[in-house]
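J.: This is the structure, below, for whatever I ask next.
The values are calculated or read from the model by the stated rules, or taken from the named source; none is laboratory data. Predicted model, so just to flag it, every value in this text is computed and none were measured. No Cβ is skipped: glycine too gets one built from the backbone with ideal geometry, and neighbour counts run over all protein chains shown. Areas reflect the complete protein model, heavy atoms only, side chains present, ligands, DNA and RNA absent. Shrake-Rupley method; radii C 1.70, N 1.55, O 1.52, S 1.80 Å.
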Amino acid sequence: MTMTTTFKSLACAFSLGALMLASAPASAQDATLKVEDAWVRATVPNQHATGVFMRLTSSTASRLVGVESAAAKHTEVHEMAMQDNVMKMRQVPAIDLPAGKPVELKPGGYHVMLIDLAKQISVGDPVTLTLLVQDADGKQRRVPVTAEARPLAAAPAAGHKH
């Protein structure tokens, strides 16, 4: 094998490896937490807050105890609920994730709020988040997620029962 042939073989192997990495999913999955249909509501100019929605299924009993994102100064876990015949939104300290049962973060229910946005979020923009998940033993892990921005009036993706 000549030096040129060896170099071409190495270059080909390197290119194939780079291609495989580039085609990997944009949001990493944790071994014990499945994240599906993550999306964020796009904003209009000067809008200061928006919601993030997704479906979470944990293989072990755990809790979503926080969310971080560079897209906003403050990131909070919220719940919409009826109180005295009025729909109210409030921050919650955590959301239980029962083992094997999907938990919906959706408009009108549990969701993530991005407050004091760093910039306008346009349709199609990827928004990166880190979910802080605590297991039954109190150990926390960080789960990276990428949510795609959908139009203001967006509903969850077709085919999902929400």
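J.: Which percent of the accessible heavy-atom area of the stretch 33-150 goes to carbon and sulfur, probe 1.4 angstrom?
T.: Taking all protein chains in place, the stretch 33-150 shows 50 percent carbon and sulfur surface.
J.: So, one more: Along the principal axes of its C-alpha atoms, what lengths does the stretch 33-150 span, in descending order and rounded to whole Å?
T.: Sorted from largest, the Cα extents of the stretch 33-150 read 43, 37, 22 Å.
J.: In nm, to one decimal, how far is the modelled label at residue 141 from the one at residue 86, with both set 7 Å along Cα→Cβ?
T.: For residue 141 paired with residue 86, the spin-label model returns 4.2 nm.
J.: Turning to a different aspect of this structure: Give me the net charge for the shell around residue 112: Cβ to Cβ below 12 angstrom, other residues only, Lys and Arg +1, Asp and Glu -1.
T.: Computed value for this residue: -1.
J.: Testing the spin-label approximation: label points 7 Å from Cα along Cα→Cβ at residue 128 and residue 99. State their distance in nm.
T.: Distance between the two pseudo-spin positions: 3.3 nm.
J.: For the stretch 33-150, what is the accessible area per residue in Å², given a 1.4 Å probe and the full set of protein chains?
T.: Per residue, the stretch 33-150 has an accessible area of 51 Å².
J.: Follow-up question, since we're still on this one. Pairs of lysines 8 or more apart, or on different chains, with alpha carbons under 19 Å: count those in the stretch 33-150, would you?
T.: 5
J.: I've got another one for you. Counting Lys +1, Arg +1, Asp -1, Glu -1, what net charge surrounds residue 80 among other residues with beta carbon under 9 Å of its beta carbon?
T.: That works out to +1.
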